[in-house]
1. Taking θ = phi - 60°, what integer Hz values does the Karplus form 6.51 cos²θ - 1.76 cosθ + 1.60 yield along segment 153-158, in sequence order, with x for Gly and Pro?
2. So what is the 222 nm mean residue ellipticity for the chain from helices alone, if each DSSP H run of at least 4 adds -39500 (n - 2.57) and you divide by all residues, rounding to the nearest 500 deg cm²/dmol?
3. Which of the GluC sites (Glu not before Pro) across segment 76-133 are loop residues per DSSP, with 15 or fewer other Cβ within 10 Å?
4. Which ³J(HN,Hα) values, rounded to whole Hz and listed in residue order, are derived for segment 10-15 from phi using the Karplus coefficients 6.51, -1.76 and 1.60 in 6.51 cos²θ - 1.76 cosθ + 1.60 with θ = phi - 60°, glycine and proline given as x?
5. Rounded to whole Hz and in sequence order, give me ³J(HN,Hα) for segment 110-127 from the Karplus expression 6.51 cos²θ - 1.76 cosθ + 1.60, θ = phi - 60°, writing x for Gly and Pro.
6. On the accessible surface of the chain, probed at 1.4 Å, how many percent belong to carbon and sulfur atoms?
7. Apply the a/c threshold of 1.5 to the C-alpha gyration tensor of segment 195-330 and tell me whether it is rounded, prolate or oblate.
8. Under a 5 Å amide H to amide H cut-off, with H placed in plane at 1.01 Å, what residues pair with D193 once short-range neighbours are removed?
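The values are calculated or read from the model by the stated rules, or taken from the named source; none is laboratory data. In this text the structure is predicted, and so the values were computed from the model without any measurement. Cβ atoms come from the backbone with ideal geometry, glycine included; neighbour counts cover every protein chain shown. For the accessible areas, the whole protein counts, side chains as well, though only heavy atoms, and no ligand, DNA or RNA atoms are used. Shrake-Rupley method; radii C 1.70, N 1.55, O 1.52, S 1.80 Å.
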Amino acid sequence: MASPIPQGDFELRELPRPGEKTFAESVREGLTTHPKSLPCRYLYDAEGSRLFDAICELPEYYPTRTEAGILRSYVGELVDRCAPESVVVELGSGSSIKTEILLEEFLRRRGSLEYEPIDVSRSALEDSGRRLMDRFSGLWVRAIVAEYLPGLQEVVPKQTKLVTWLGSSVGNFDRPGAISFLKQVRAVMSDADRFLLGVDRRKDKRVLEAAYDDAQGVTAAFNKNLLARINRELGGNFRLEDFSHRARYLEDDGRVCLHLISETKQSVTIESLGLELLFEEGEAIHTEDSYKYSPDEIIALASAAGFEVERDWTDEQQWFSVCLLKPASR
Ligand code: AVI
């Protein structure tokens, strides 16, 4: 008699996050220094995450669907290249279709799989965990609510891992920051482990600027939600209509730069911080960078962090890379 298919289960643990700066502290620091800036991590409250999901569906925002297409085309080869007993560890909540492509292929071959997503958002992990449990049997989801690096250190060290970091989130780090983050990922990996990294490539300025300043204004709303969040959570009185969204591609840097621009000379108060802020007409708040990489820059990034690029899969237009990295021999 055939043995019953294991059902799988869902488990979630939360790690303490000591010493992390609060939203209020970051806002005070960013808006009282010159030039003004706000860290992009604060774009993702519940409303920001909803808007980001809408961005991923936009005709101009090609990264999500391009990366999913590459994964669909090469998932067989990818799984062939991973140790058969690998667990899948995902940095990010995997709230998208992309993780499912990967998990489906592992499960088709093996019948059961351990999947360990790491994310700072408990609700994103709960939602994606529930969805995956409904869709797949044989899947053991061990979710960890944590920053990526402490979360990675929690993953059972003896297991062989495929660590995935998709969506070109690496692009939201500056170049030295990306190397240093990848080095820390490398430090918890052993020789048989693999790292799957999604990276957006350098391309035509017009394509990039449209992707970050879409015709429907969803990215503008996503960016301005930072000010709305300050209004909601800290008692600010930003008038959103007096700020505009700006996305520029700086070709030499290979970086899309997002700002909010004050349309007039104005003052804004943030009650719970006891702050009154003055804005000149045309003054900018820097909110996000999205760095783009050429294939050679990807090789250089990997190598500086102690990896070799085993494969760099791309799409027909060569707009996006899904790279399989392996630890370089020391
Ligand atoms: C999450 N991250 C990779 C997105 C990007 O493309 O840099 C964030 C984003 N910001 C505006 N649109 C998308």
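1. Karplus values, whole Hz, x for Gly and Pro: 5, 7, 5, 3, x, 6.
2. Per the formula, -11500 deg cm²/dmol.
3. Passing sites in segment 76-133 are E85.
4. 10, 9, 9, 10, 10, 9
5. 10, x, 8, 7, 9, 10, 10, x, 10, 7, 7, 9, 4, 5, 5, 5, 5, 5
6. C and S atoms contribute 50 percent here.
7. Details: a/c = 3.02, a/b = 2.16, b/c = 1.40.
The shape class here is prolate.
8. Here the answer is K161, since their amide H atoms fall under 5 Å of that of D193.
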